[in-house]
1. Roll a 1.4 angstrom probe over the protein heavy atoms and tell me the percent of accessible area of the stretch 140-224 that is carbon or sulfur.
2. By the scheme Lys and Arg +1, Asp and Glu -1, what is the net charge of all other residues having a beta-carbon under 11 Å from that of THR249?
3. Could you grab the Rg to Rh ratio for the stretch 71-180? Cα atoms only, Kirkwood for Rh.
4. Among 82-95, 162-175, 235-248, how do they line up from the highest to the lowest mean number of other beta-carbon atoms within 10 Å?
5. What span do the alpha-carbon atoms of the stretch 185-241 cover on each of the three principal axes, reported in whole Å from largest to smallest?
6. Give me the 1.4 Å probe accessible area per residue for the stretch 141-236, excluding ligands and nucleic acids, in Å².
7. With Cβ to Cβ distances under 12 Å as the rule, what net charge do the other residues near SER158 carry (K, R +1; D, E -1)?
8. Counting only Cα, what are the radius of gyration and maximum Cα-Cα distance Dmax of the stretch 130-251, in Å?
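The values are calculated or read from the model by the stated rules, or taken from the named source; none is laboratory data. Everything quoted here is computed from the prediction, not taken from an experiment. Positions of Cβ are backbone-derived with ideal geometry, glycine not excepted, and every protein chain shown enters the neighbour counts. Note: accessible area is taken over every heavy atom of the protein model, side chains too, but ligands, DNA and RNA are not part of it. Shrake-Rupley method; radii C 1.70, N 1.55, O 1.52, S 1.80 Å.
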Amino acid sequence: MKLVKTIALALTVITASSCKDKTNNTTSKTALEKKIENNKEKDMNVLFVLTSHDKLGDTGKKTGFWVEEFANPYYTLLDKGAKITIATPNGGAAPIDPSSDSPDAATEDTERYNKDEKTKALIANTHKLADINADDFDAVFYPGGHGPLWDLANDETSIALIEKFNAQEKPVAFVCHAPAALKAVKGTDGQPLVKGKKVTGFTNSEEAAVGLTDVVPFLVEDMLNENGGIYSKKEDWAAYAIQDGNLITGQNPASSELVAQKLLERLK
């Protein structure tokens, strides 16, 4: 009888141990699956859309995209593991605004860009916007510079792309002059996308300060107001960015970092 009790006890211990191992294995498997799923959720495919326009109106001067407005968001996202694709309306080399590549406009991020041959090669050979599918990306970001006022503001491919990102409820982000690309963009209700939304962008007074009020085809601040946006701003050259749903906008070059941070938070 004593032997029977001993055997029964042993079988109970073995069964309990087996159940515990099975539970541990199940827990470990569940934790691993959850970790894999979390890693999938953190994958970030971001499209950067730059201007192809390089003429500053009739001034005879050059324009393009503003380096700091590209560089800070680019490295902010890249350093967090984002996969970034760069596109322009024409494809090929994206023109750089010479003023943004001067010592006066230099920042830690522009200096990093100037030493980054790999990224400069991407800028010299961008994808053509017409070849881009919004379904392949989690967000889109538009750096500024005066160029977008002439091409992206009226580019049908860009307009359709932003509308698709918005319809898919994906983040759409713009800084400085880049909100110009929203000029003809409609929301899912057929109204201007910015209508009734909190937005910002390069101010009228900042445009006056750089002496280009009568050169640009339109003023970003005026356009956003005319399209029904709830426009706000800080003092000239102050860092300021605002988010309304999936729409993120920044006031000027100094606002690039804030826009990048808001975009990153939205992607997490």
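1. On the way: 1320 of 2810 Å².
For the stretch 140-224, the apolar C and S fraction of the accessible surface comes to 47 percent.
2. Residues close to THR249 contribute a combined charge of +3.
3. Working: Rg = 14.0 Å, Rh = 14.8 Å.
Rg divided by Rh gives 0.94.
4. Highest mean packing first, the order is 162-175, 82-95, 235-248.
5. Result, largest extent first: 37, 24, 12 Å.
6. About 38 Å² of surface per residue is accessible.
7. Result for the neighbourhood of SER158: -1.
8. When restricted to the Cα atoms of the stretch 130-251, Rg and Dmax are 13.5, 40 Å.
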